[in-house]
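Below is one structure, written out as C-alpha cells; the observations come after it.
We did not get these values from a lab; they are worked out from the coordinates using the rules stated. Just so it is clear, the structure is predicted and the values come from calculations on it, not from any experiment. Positions of Cβ are generated from backbone atoms using ideal geometry, with glycine treated the same way; all protein chains shown enter the neighbour counts.
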Ligand code: M6R
C-alpha cells in the first residue's frame with residue numbers, strides 16, 4: 001500500500017516522479033504528492049486528493065523544476081484521503097520533506113512527546129510524526145540528515161519505507177526501510193528510488209534492494225552508501241540486474257490491465273511451466289523443492305498462509321498436496337495465523353503464498369513460523385520482494401508484473417506451481433505413480449492452449465455479462481477442487497463490480513443459503529465432470545426448483561447440465577486437479593465485463609490497493 005518514488009540526478013525530477021507514480025498507482029490511489037528542491041532553500045510541495053492525474057493537473061501551472069525530488073501515491077490508513085493527509089509531509093520549519101509507506105505503531109506516543117516540545121501537527125497521519133521527529137533530532141543534536149534519520153528509526157516502531165530530503169541540501173536523499181519495500185536504481189550519475197522496480201526499469205536495470213534496518217545515503221555522482229540501523233558499518237551493496245521489460249508494464253492495446261492480464265494467461269503459464277517439466281514429460285523440476293528434498297520427505301504437516309486470491313489458490317494447493325503427497329495441509333489466513341499463537345512444530349513446513357511478496361500479514365506469519373522452527377518456503381511472483389528474501393527457499397511463479405488490482409494471472413500461476421510441487425513431492429515420496437505424474441504433467445503442458453480456446457469464447461461471456469449486470473447479489477457454487485474457484489469467482493466480482501457475491505460449497509447451500517435463492521439471485525455453478533458431478537447436478541436442480549437463474553460452467557460436450565441451466569460456458573476436459581485453471585478464465589471474464597458494464601474503475605477499484613503492506 002502506498003507507493004514511493006525518488007529521483008536525484010540531472011533530469012527534471014518531476015517527470016521521473018510523475019511517471020513513477022503512475023507505475024505505482026496500483027499500490028494506492030486516493031491522493032498523491034511530490035516534493036522537489038529547486039535550489040538550496042527552495043522546496044516545492046504539491047499534493048492532491050485523487051489519482052495522480054489530479055496531481056498533474058494541480059501542478060500544471062506551478063514550478064516543477066529541480067533535479068531532486070520525492071513523491072508518493074497513497075492508500076489511506078491514518079486520516080481520510082485529502083490534500084493535507086497526502087504525502088510528502090513537511091517538518092514544522094518547512095525544511096524537511098518525507099514520504100512514507102507503512103504504519104508507525106507508536107505515533108500517538110511520539111506525537112504527544114513532540115507536541116510537548118512545541119511541534120504542531122497539521123495532518124491526521126502517523127507519518128507526520130516521523131518528519132517532525134527527524135527535524136527535532138537535527139535541531140537538538142546538531143547532526144546531519146542521515147544521522148537524524150538513523151536516530152529516528154531507532155525511536156519509531158512499525159513498518160516503514162521512507163525517503164527524506166532537506167531543502168538545504170539538494171544533493172542528497174536519505175532512505176530507510178523496515179518491513180516495507182524499497183529499491184534503489186543505479187543510473188549514470190543519477191539514482192532512482194521506488195517501492196518496487198517498475199518506475200525504475202525504463203532508466204536502468206541495475207538495482208539494489210534495501211534490507212530491513214538499512215539506511216541509504218543517495219548522492220548523484222557518488223557511490224551509493226548503505227548503512228546498518230546503527231549507522232555504524234557501511235553495508236556491502238548487492239547489485240541485482242532486473243529481468244523486466246517496459247512492455248510488461250504497459251496495457252498493450254487493451255482497455256484495462258486486468259483484461260490484458262486475463263488474455264496473457266496462455267503465455268504467462270507457458271513461462272511458469274517452462275523448464276520445470278522434463279522433455280519426456282515424466283518429471284517435474286523445481287529446484288527450491290529438490291534442494292530441500294529431505295525437508296519435504298520428512299515433514300508431517302504443511303501450513304500454507306496467504307490472503308485474498310492467494311488464499312483461494314492455497315485451498316487448491318491443499319487438495320493437490322493432500323491427494324498426491326498424502327501430507328496433511330492446513331490453510332490459514334495469514335492475518336489470523338499471526339495472532340493465533342499457532343502450534344508450529346520443528347519439521348513443519350510453512351508455505352507463504354503471495355503474488356506481491358509484500359503482503360504484511362503473510363510476511364509476519366512467516367516470520368512467526370520461522371521463529372518457531374518451521375522451514376519456510378515462499379511462492380511469489382515479484383522477484384526480489386520481501387517474502388522471497390525472508391524465506392529459507394521457494395520458487396517464483398514467473399507470470400510477469402500483475403498491475404490490475406484484481407489478481408488473475410497470478411492465481412493461475414500459483415495453482416500451476418502448486419500442482420507441479422504436489423507432483424514432484426509425491427513422486428519423491430512415492431505417493432503418486434509415475435503414470436499419474438506423466439498424465440498430469442502432460443495436461444499441465446496443454447493448459448496454455450486450452451486457456452486460449454476458452455478465451456475465444458470471450459464475446460459470449462461479454463454478452464452474458466450484459467444480462468446480469470444489474471443483479472444485486474450472486475451466489476457462486478462449486479465443489480472439491482472448484483470450491484475455491486467459486487470463492488475466487490465471487491471475490492473477482494465483488495472487488496471490481498461492487499456487487500455482493502458469495503462463494504459456497506455447492507452441497508452446503510441446502511444448510512441455509514438456499515433461503516436466499518429467488519428469481520433475482522443468479523447462481524454461477526461450476527459443474528464440470530469431476531467425482532462429484534452428479535451431486536452438483538442435484539444442487540443445480542435445487543436452485544432451479546426455487547426459481548433461481550443458473551449460469552453453469554461445464555465440461556465440453558455436457559448435455560445434462562446444458563438442459564437444466566439457463567446459460568452454459570464450456571471448458572475443455574482435463575485432469576480433475578487442473579480444472580480450476582480452466583474454470584478461472586470464464587469467472588474472471590464474467591466479473592470483468594460486468595464491472596465494465598457498470599462503469600467501474602476495473603484496474604483500480606475503490607478502497608483497494610494491489611499490495612497490502614499494512615495490517
Ligand atoms: O500479493 P498477495 O498475493 O499476497 O495479495 C493477497 C491479496 O491482497 C490479493 O490476492 C487480493 O485479494 C486481490 N485484490 C485479489 O484480486
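With each label modelled as a point 7 angstrom along the Cα→C-beta vector, the residue 294-residue 206 pair spans 4.1 nm.
In terms of surrounding Cβ atoms within a 10 Å radius of their Cβ, 272, 325 rank from fewest to most as 325, 272.
Expressed to the nearest 5 percent, the antiparallel share of DSSP beta bridges inside region 252-453 is 5 percent. A Förster radius of 60 Å, combined with the Cβ-Cβ distance separating residue 563 from residue 65, puts the computed FRET efficiency at roughly 0.30.
Cβ crowding within 10 Å, taken as a proxy for footprinting-reagent exposure, orders 421, 509 from fewest neighbours to most as 509, 421. Per-residue packing, averaged as other Cβ atoms within 10 Å, sorts the ranges 80-93, 298-311 into the order 298-311, 80-93, beginning with the highest. If you take the Cα centroid of region 42-103 and the Cα centroid of region 502-535, the two points sit 48 Å apart.
If you average the sequence gap of Cα pairs under 8 Å that are 6 or more apart and divide by the length of the chain, what percent do you get for the contact order? Could the numbers behind the result be given before it?
Details: 1433 pairs, mean separation 71.7, N = 615.
Result for the chain is 12 percent.
Compared with the dominant principal axis of the Cα atoms in the chain, helix 579-597 is inclined by about 60°.
Peptides 192-199, 289-296 ordered by packing proxy, namely the average of other Cβ atoms within 10 Å per residue, highest first: 192-199, 289-296. Taking label positions 7 Å along the Cα-Cβ direction at both residue 57 and residue 251, the computed distance is 1.7 nm, reported to one decimal.
Given 0.36 nm per residue, what is the gain on full extension from residue 429 to residue 336 after removing their alpha carbon distance, in nm? Extra length from residue 429 to residue 336 when fully extended: 30.4 nm.
Between region 444-500 and region 204-269, how many Å separate their Cα centres? Distance between centres, Cα-based: 33 Å.
At an R0 of 41 angstrom, the distance between the Cβ atoms of residue 39 and residue 367 translates into a FRET efficiency of 0.40. Treating r as the C-beta distance of residue 229 and residue 124 and R0 as 22 Å, the FRET efficiency rounds to 0.20. With respect to the chain, whose longest principal axis is taken over its alpha-carbon atoms, helix 483-497 is tilted by about 50°. Histogrammed with a bin width of 10 Å, the alpha carbon distances of the chain distribute as 3, 17, 25, 24, 17, 10, 4, 0, 0 percent, first bin at zero.
In this rough spin-label picture, where each label sits 7 Å from Cα along the Cβ direction, the residue 473-residue 236 distance is 6.1 nm. Region 379-435 and region 159-188 have Cα centres lying 32 Å from one another.
Take every DSSP beta bridge with both residues inside the chain and express the antiparallel ones as a percent of the total, to the nearest 5.
If we restrict to bridges inside the chain, about 60 percent are antiparallel.
Given their separation in residues at 0.36 nm each and the Cα-Cα distance between them, residue 346 and residue 439 gain 30.0 nm when the chain is fully extended.
Between residue 140 and residue 117, what length comes free when the chain is fully extended (0.36 nm per residue of separation minus the Cα-Cα distance, one decimal in nm)?
The residue 140-residue 117 span can extend by a further 7.2 nm.
Beta bridges from DSSP with both residues in region 150-234: antiparallel share about 95 percent, rounded to the nearest 5.
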